[in-house]
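Shown next, in structure tokens, is the structure this report addresses.
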Amino acid sequence: MSTHTIQASNNEKGNAAKSSKPTSNWLSRISLWLMILSSVAIGLYAFAFQAGMQGDPDTHARFAEWPVFSSMHVIGGGVVIVIGGFQFWSKLRRDHINIHRWLGRIYLAFVLVGGVGGLVLSPNSDGGLVAHFGFGMLAVLWLFSGWQAYASIRRGDIASHKAWMMRNFSMTFGAVMLRVYLGLFAVAGVDFVDSYPTVAWIAWVPNLILVEWYLAFKSAKQKPQGNVNAA
């Protein structure tokens, strides 16, 4: 294979990548803002629930048995999911770094608050033992990934900080997906009692798997490629 052939092939690949980039950018922006808006909506619902403006009486009665930890879980989770999505907005990180840093501090502080509350409440959740373990594991990994995100930025490891924040928010976003899956199961005619144990896991595990796949793909893509010798 000649040098000219390799160069022409590389040029064709470069042109194809350039032509697909605008579409990719638009899809990324739409996905980002869908994530942000849906997260904010669920966060506002959490605040309305805490104020007694939303939610069924049975849920409020059960949460009233653990008032401190319920408030920690609802308020902590609400704050985290409202501000978390904005942290992935590149314009905020680029043009308003101080706001990004302060939102990050608030985010991680409330992950601690909401995670502890959720961990204590998990044995009392609906859905039986399967759901108890699902929500308990979520709380543990949420707290762990939040600590890792904090520790990595403290030592100046920005790449690891970004990766741990992505993992953490993928689990935060489980609050959105939980409602999505419950709605889909309801439309399919599956009772809440039957669907909830499954939803306790699929609301966040696929999110985390998707992030791990993305991080692995990105890491492999950034590895230096070997030189191609001209024939």
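What to note about this one:
- Some residue of segment 91-109 being assigned to a loop (DSSP other than H, G, I, E, B) and surrounded by 15 or more Cβ atoms within 10 Å (Cβ to Cβ): no
- In segment 209-231, residue modelled with the highest pLDDT [restricted to those that are over 23 Å from N168 (Cβ atoms) and surrounded by 10 or more Cβ atoms within 10 Å (Cβ to Cβ)]: V228
- When segment 142-166 is limited to residues that are over 20 Å from P206 (Cβ atoms) and among the polar types (S, T, N, Q), the one that is surrounded by the fewest Cβ atoms within 10 Å (Cβ to Cβ) turns out to be S160.
- Residue within segment 201-214 that is of a type in the set (A, V, I, L, M, F, W, C), closer than 18 Å to G77 by Cα, in contact with an Asp or Glu (Cβ under 9 Å, 6 or more places away or on another chain) and part of a helix (DSSP H, G or I) present: no
- Qualifying residue in segment 170-183 (condition: of a type in the set (S, T, N, Q) and at pLDDT below 95): no
- Only one of the numbered conditions (1) farther than 22 Å from G85 by Cα; (2) touching a Ser or Thr at 6+ places or on another chain (Cβ under 8 Å); (3) not aliphatic (A, V, I, L, M) is violated by D191, and that is (2).
- If the condition is being within 17 Å of S125 (Cα to Cα) and not basic (K, R), then segment 51-66 contributes G55, D56, P57, D58, T59, H60, A61, F63, A64, E65, W66.
- Residue match in segment 168-190 (condition: of a type in the set (K, R), without any contact (Cβ under 8 Å) to a residue 40 or more places away in the chain and assigned to a helix (DSSP H, G or I)): no
- Residue within segment 143-150 that is assigned to a helix (DSSP H, G or I), more than 11 Å from the chain's Cα centre (by Cα) and either touching a residue at least 60 places away in the same chain (Cβ under 8 Å) or more than 18 Å from V79 (Cα to Cα) (or both) present: yes
- Among the candidates F86, F63, F49, the residue that is over 20 Å from L178 (Cα atoms), part of a helix (DSSP H, G or I) and either out of contact with any strand residue (DSSP E or B) (no Cβ under 8 Å at 6 or more places or on another chain) or of a type in the set (F, W, Y) (or both) is uniquely F86.
- Filtered by the rule that a residue be outside any helix (DSSP H, G or I), buried (at least 17 other Cβ atoms within 10 Å of the Cβ) and either of a type in the set (S, T, N, Q) or in contact with a Lys or Arg (Cβ under 9 Å, 6 or more places away or on another chain) (or both), segment 124-141 gives a lone residue, S125.
The values are calculated or read from the model by the stated rules, or taken from the named source; none is laboratory data. These numbers come from a predicted model, not from an experiment. All Cβ positions, even for glycine, are placed from backbone atoms using ideal geometry, and neighbour counts span all protein chains on display.
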